[in-house]
Amino acid sequence: MNPQIDTKSELFTLDIGGMTCASCVGRVEKALDKMPGVEAASVNLATEQAKVRLKADSGLNVDDLIATVQKTGYEAKISSPHQISVTAPSKLFWGADGLGRVLLGFALSVPLFLPMLLMPFGIHWALSPKWQLLLATPVQFFLGWRFYRAGLKSLMSGVGNMDLLVALGTSAAYGLSIYQMIASPHASHELYFEGSAVIICMVLLGKWLEARAKQQTSEAIRALQKLWPEHAKVIERDIVIAETSTLDQFRDLPLDQVFPKDRILVMPGERIPVDGIILLGNSHIDESLLTGESDSVKKRIGEKVIGGSLNGEGVLVIEAQAVGVESVLSKIISLVEDAQTQKAPIQKLVDQVSAIFVPSVIVIAIITGLANWFYLDSASIAILRAVSVLVIACPCALGLATPAAIMAGTGVAARFGILIKDPQVLELAHRLNVVAFDKTGTLTVGKPRLLKVISFSGSFSENDILETAAGLQLGSEHPLAKALLDAAKQNGLTPITPTDSKALPGIGISGKPSAGALAGQSLTLQSIASLESNHHHAEILRKAQACFEAGQTVSILMSNEAPTSPIAIFSFGDELKENAQEAITSLRHLNIRAVMLSGDNIAAANRVARNIGIQEVFAQIMPGDKAEIIRKLQSKDGHRQFVAMVGDGVNDAPALATADVGMAMSTGTDVAMQAAGITLMRGDPTLVANAIDISKRTWQKIQQNLFWAFIFNATGIPLAALGYLSPMLAGSAMALSSFCVLSNALLLKRWRPTHY
C-alpha cells in the first residue's frame with residue numbers, strides 16, 4: 001500500500017516549560033487533545049516539547065495552542081527549527097535547575113542536619129529553634145517556591161503532579177515544626193525543619209542531575225546543529241569560474257541569505273555550508289558526522305557534496321542546490337528530532353498509569369497518616385510517615401524511563417549513520433525473524449553497465465537502437481536508465497528525445513522517438529518479468545539465455561505497433577557491494593533469515609544470492625508484488641513472523657510500508673525514505689545488522705528503566721508508610737531514582753557498531 005499524505009494538515013512544535021513528571025505530560029497532552037480541531041498531540045518530558053497536528057481547516061493557530069497550555073499551568077512557545085539554544089552561564093547556575101540553588105540549599109541545610117550526623121559519636125548539639133526556623137524558611141519558601149507555584153497550578157486544573165507532592169510533604173513537615181515550636185519552645189529535638197529543608201535540597205539536586213543528563217541525551221542533535229557554518233563565501237555572479245580564476249571576489253553572507261544556484265567558495269579545512277555540486281577543484285570530504293562513514297571520501301568536479309561536511313585539502317567552488325530546510329543536514333536533524341519527540345507504544349501504558357498515580361499517592365498518604373496516628377497515637381510520627389510516602393512516590397523516573405532511552409539510542413545511532421525515525425521500530429526490531437533485501441542498489445552497487453545489445457533483426461543498427469532506447473530514458477533516475485545514457489555518451493551518440501513519453505509503474509517506460517530509424521513508432525522499454533503473457537516470451541527467453549546464465553540483468557525494447565514484436569535485448573552487469581556477504585553473515589549470527597527480492601530473471605538473482613549466502617530468493621517479480629511477498633513472509637506456515645524490508649527505490653516504498661520494520665538506503669529515493677522507519681545514511685548493507693542491534697539495545701534500556709521505576713515506587717511506598725524511610729531518605733531516594741534511570745539510558749552512548 002502506498003502511504004497517503006495529507007498536505008492540508010498543519011504540524012506545530014511547542015517548547016513546554018514547567019513540566020516535572022509524567023503527570024505533567026498527561027495534563028498538557030490531555031488539554032491539547034481536547035481542543036476542537038486538534039487531530040493528535042504528543043508531549044515528551046525528556047525533550048520538553050509538544051508536537052501538535054491540526055485537522056485540515058481547523059481554524060486554530062499556534063497562539064490558541066499556547067494559550068491552552070498556559071491555562072493548564074505551563075509555559076509554552078513556538079519551537080524554532082534546529083535552533084541551538086545558548087543559555088547564559090549565570091542563568092544556568094542560578095536558574096530553576098541550576099547548581100547555584102542546589103549549593104545554596106545545602107549551605108543553609110547543613111547546620112540543620114549536622115546534629116544528626118554527630119549523634120553517633122556522642123556529640124549532642126543542636127541549634128536553637130529560632131535559628132532552625134531562620135535557616136529553613138528561605139529553603140522552604142525561596143528555593144522551594146517553584147514547587148508551590150507549579151503544585152498550585154496543577155491543583156487548580158484538577159490533576160496532581162510531582163511538585164504538588166513535594167509541596168504537600170515539605171509543608172507538612174515545616175508546619176509540624178512550627179506547631180512544636182509554639183507548643184514546646186525549648187524542645188529543639190522534636191522539630192523537623194531539617195526534614196523539609198533536606199527534601200527540597202535533594203529534589204533540587206535531582207532536578208539538576210536530570211537537566212545535565214537530558215543535555216547529554218541531546219548531544220547528537222547539538223553536534224549536528226554545530227555542523228552548520230554561520231556564513232558562506234558567495235562568489236559574484238559575473239565572475240567566470242575557471243582553473244586560472246583568482247577567486248578573491250566574494251561576499252561573506254549569513255547562511256540564510258544563500259540561494260540555490262549561488263556559487264560558494266570553500267577553503268581547505270572549512271565546513272561546506274550547503275548541499276551542492278562541485279564546479280571547480282577536488283578534495284577529500286569528511287562526512288562522518290552525517291553518514292557515519294569513518295573514511296574521508298574523494299570528491300571531484302560534477303560530484304555532489306553535503307552541507308555540514310568538512311572539506312579536506314582542496315579549494316572547492318560549489319553550486320548551491322539545497323539550502324536551509326531543504327538540505328540533507330536539515331532533514332537528518334528533523335528525523336532525529338521527530339524520533340526523540342514521538343512516543344514508543346509502550347509509553348501509552350506509562351501515561352495511563354501516571355494519570356491516576358498522583359491522586360492515588362495522596363490517598364495512600366492520607367490513609368498512612370490516619371492509620372499511624374490511630375495505632376501509634378503520635379501525630380508527629382503519622383505526619384512524618386505520610387510525608388515520606390508523598391516524597392518517595394514522585395513519578396519522575398517513570399516519566400523519564402522511555403523518552404531518555406529513546407533519545408540516547410536514536411542519538412548514538414544517528415552518529416553512525418542510522419536514523420531511527422519511528423520509535424515503534426524499537427519495539428519490533430528485537431522480534432525480527434526475517435530481513436528481505438531488494439537486490440539492485442541494496443546488495444549490488446546499483447551502477448550497472450550496459451554489456452551487450454542483442455538485435456532481433458538486421459533492420460536496425462546497434463547505434464540506432466541505442467540512441468532510441470537512451471532517448472526513452474532521458475530524465476529517469478533509474479540505474480538501468482543511467483547505464484543506457486552512459487553507454488550512448490561513450491559511443492558518441494545523442495539520445496533521441498521521444499514524444500508521448502510515459503512511465504509505466506512496474507513495467508518500464510514508453511514513448512515515440514521524434515527522429516531516427518524508429519521515428520514515430522510506439523515503443524516500450526520494459527523488464528522481462530512484465531512480458532510473461534506476451535506470445536514472444538519464449539523466443540525472448542531463448543535469445544537471452546546466455547545473459548541469464550552469466551547472471552546479467554535484461555531489458556527488452558518492444559515495438560507496440562500491431563503486431564507487437566521485440567526489437568532488441570539489453571543486458572546489464574552490476575557488481576556486488578564488497579561487504580554484502582558480511583552483512584548476511586551478521587544477520588545469521590543474530591538468528592535472522594535473509595531473503596532477496598528481485599525483478600531480475602531467476603538465474604541472475606540466484607547467482608547473486610549464492611555469492612553472498614542467501615538461501616531464499618524471489619525473482620522475476622513485479623514491483624507491486626513485493627508488498628504481497630512481505631505479507632506472505634509475515635504469516636509463513638501459519639506462524640506470525642516479523643519481517644524487515646531493505647530497499648532504496650520508488651518501487652520499494654509499498655513493501656517498506658508493509659514490513660514490520662522498513663529500512664531505506666539514503667542513496668535511494670526520498671519516497672523510499674519516507675515509507676521506512678529507519679534510514680541508513682550509507683549504502684552499506686552491514687548497517688542493517690547494526691540498526692537491529694542498536695534498536696534491540698534501546699528496547700532493553702526502556703524495559704530496564706520501566707522495571708526499576710515501577711519497582712522503586714512499588715517497594716518505596718510501603719517502606720515509607722511503615723516508617724522504614726525517613727522523609728530525608730525518601731527525598732534522596734527519589735532524586736537517585738531519576739538519576740539512575742537517566743544514567744542507565746546514557747550507557748547507550750557507549751554503543752559502537754560491529755562493522756565500522
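The values are calculated or read from the model by the stated rules, or taken from the named source; none is laboratory data. Note that the structure is a prediction, hence the values are computed from the model and not measured. Neighbour counts are summed over all protein chains in view; Cβ atoms, including those assigned to glycine, are modelled from backbone coordinates with ideal geometry.
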If you go through the range 145-185, how many residues are at pLDDT 80 or above and of a type in the set (S, T, N, Q)?
3
Pairs returned, first residue in the range 18-40 that is over 17 Å from LEU60 (Cα atoms), second residue that is at pLDDT 85 or above and acidic (Asp, Glu), beta-carbon separation under 7 angstrom, 6 or more apart or interchain, are GLY18/GLU75
Set GLU210, GLU270, GLU230: member being loosely packed, with under 14 Cβ neighbours inside 10 Å and either at pLDDT 80 or above or within 30 Å of ASP163 (Cβ to Cβ) (or both):
GLU230
Residues satisfying the stated conditions in the range 707-742, i.e. at pLDDT below 85 and of a type in the set (S, T, N, Q):
ASN713, SER726, SER732, SER737, SER738
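Yes/no matrix, rows are residues, columns are (1) outside any helix (DSSP H, G or I); (2) modelled with pLDDT of 75 or more:
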residue: LEU289; (1), (2): no, no
residue: LYS298; (1), (2): yes, yes
residue: ILE318; (1), (2): yes, yes
residue: LEU335; (1), (2): no, no
residue: GLN340; (1), (2): no, no
residue: GLN352; (1), (2): no, no
residue: LEU370; (1), (2): no, yes
residue: PHE374; (1), (2): no, yes
What are the pairs, 6+ residues apart or on separate chains, where a residue within the range 431-459 that is in contact (Cβ under 8 Å) with a residue 24 or more places away in the chain and under 19 Å from VAL617 (Cβ atoms) has its Cβ under 7 Å from a residue that is surrounded by fewer than 18 Cβ atoms within 10 Å (Cβ to Cβ) and among the small types (Gly, Ala, Ser)?
PRO448/GLY573
What's the number of the condition ALA603 fails, among (1) over 27 Å from PHE642 (Cβ atoms); (2) modelled with pLDDT of 90 or more?
(2)
Against the definition (farther than 24 Å from PRO654 by Cα and not aliphatic (A, V, I, L, M)), how does ASP438 come out, yes or no?
no
Of the residues in the range 584-622, how many are in a helix (DSSP H, G or I), out of contact with any strand residue (DSSP E or B) (no Cβ under 8 Å at 6 or more places or on another chain) and either small (Gly, Ala, Ser) or farther than 21 Å from ARG449 by Cβ (or both)?
5
For ASP97, all conditions in the list (1) in a loop (DSSP other than H, G, I, E, B); (2) at pLDDT below 65; (3) touching a helix residue (DSSP H, G or I) at 6+ places or on another chain (Cβ under 9 Å) hold save one; what is the number of the exception?
(2)
Inter-residue pairs, beta-carbon under 8 Å, first assigned by TED's automatic domain parsing to the domain that holds SER527 and in the range 476-490, second of a type in the set (Ser, Thr, Tyr) and surrounded by 20 or more Cβ atoms within 10 Å (Cβ to Cβ), 6+ apart
GLU477/THR669; PRO479/THR440; LEU480/THR553; LEU480/SER555
Go over the candidates LEU525, LEU480 one by one and state the one that is in a helix (DSSP H, G or I), within 43 Å of the chain's Cα centre (by Cα) and surrounded by 14 or more Cβ atoms within 10 Å (Cβ to Cβ).
LEU480
PHE548: closer than 30 Å to PRO654 by Cβ and among the aromatic types (Phe, Trp, Tyr), yes or no?
yes
Filtering the range 186-199 down to residues that are surrounded by 14 or more Cβ atoms within 10 Å (Cβ to Cβ), over 45 Å from the mean Cα position of the chain (by Cα) and within 12 Å of PHE113 (Cα to Cα), which residue is modelled with the highest pLDDT?
PHE193
Which one is farthest from ASP600 (Cα to Cα), of the residues in the range 503-535 that are modelled with pLDDT under 85 and not small (Gly, Ala, Ser)?
HIS535
For the subset of the range 65-91 comprising residues that are of a type outside the set (Val, Ile, Thr) and under 16 Å from LEU11 (Cα atoms), which member is modelled with the lowest pLDDT?
HIS82
Taking the range 442-477 and keeping only residues that are crowded, with 20+ Cβ neighbours inside 10 Å and among the basic types (Lys, Arg), one is left with none
